[in-house]
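Single-structure report; data block below.
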Amino acid sequence: MGRSSLVAALCAAWLALVSVSAMAACKTQATTAAPPTDRFTVEGDTVKDKLTGLTWKRCSLGQKWKDKVGCVGLVDQVKFNAAKDEEEDGWRLPRPAELRSLLLGRCHNPSINEEAFPDMDPDFQWYWAFNGKMDQVVNFGDGNPPFCDSPKCKGNAVRLVRGEMLPPTPAPAPAAPVPAAAPTDPASGDQPASDPLLKIPDAR
């Protein structure tokens, strides 16, 4: 093997190792995310997000919460109108920004805190959102494609939310600059120095 071929082979092996390590780290990050109590208040089948003030269903539409087990059943795939029909008693489809607030960094499959939101279907991770005018979809898989293009897909999944999203905390206002102290007149020690060009001569 020539020198150039050897260098190319070593580079390829190094890139493959880096890629595998990055994927493993991402997967590890996804499956060992921060405990939900750090951000969420868990209350049976719901969680309240301390960051946004929103309360979420822990299970996707079609699943039921079972204590000490998790979300049981199959995730429903529904058309948008059917998803809107599930809105009742304050529960509604999330806005796109609200749903995206649950995305967990660069990790995928799923990109969410699985302790707070367990048992998502790895094959159907596209969720309906509604911005008040049109339907949108947020992907909790690897982000590509933005919609399910598999013939298995009969619609998208639904995660209902309740409440209003808190506005982002405004950044603190910058401190006002401290004005520079006026120089003192050497003669008096406590009065501003006068401009020598404007000093009025003594009338004697």
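Contact map, region 64-75: residues that are on the phi > 0 side of the Ramachandran plot paired with residues that are modelled with pLDDT of 95 or more and open to solvent by 100 Å² or more (accessible area, probe 1.4 Å), Cβ distance under 6 Å, separation 6+ or inter-chain. Pairs shown: Gly73/Lys64. The residue that is modelled with the lowest pLDDT, counting only those in region 137-188 that are surrounded by 13 or more Cβ atoms within 10 Å (Cβ to Cβ) and either among the small types (Gly, Ala, Ser) or on the phi > 0 side of the Ramachandran plot (or both), is Gly143. Within region 112-129, the set of residues being closer than 19 Å to Val42 by Cα and in contact with a Phe, Trp or Tyr (Cβ under 8 Å, 6 or more places away or on another chain) comprises Ile112, Asn113, Ala116, Phe117, Met120. Considering only region 32-48, state which residues are surrounded by 13 or more Cβ atoms within 10 Å (Cβ to Cβ) and either at pLDDT below 90 or touching a Leu at 6+ places or on another chain (Cβ under 8 Å) (or both). Listed by number, the residues that qualify are Ala33, Ala34, Pro36, Arg39, Lys48. Just name the residue that is nearest to Asp119 (Cα to Cα) out of those in region 38-68 that are hydrophobic (A, V, I, L, M, F, W, C) and out of contact with any Pro (no Cβ under 9 Å at 6 or more places or on another chain). Taking the candidates together, the pick is Trp65. Residues in region 50-101 that are at pLDDT 95 or above, over 24 Å from Gly155 (Cα atoms) and open to solvent by less than 20 Å² (accessible area, probe 1.4 Å): Leu54 only.
The values are calculated or read from the model by the stated rules, or taken from the named source; none is laboratory data. On a predicted model such as this, the values are computed, not experimentally measured, just so you know. Please note: Cβ atoms are built from the backbone with ideal geometry, for glycine as well, and neighbour counts cover all protein chains shown. The protein model used for the area step is the full one, side chains on, heavy atoms only, and it has no ligands, DNA or RNA in it. Shrake-Rupley method; radii C 1.70, N 1.55, O 1.52, S 1.80 Å.
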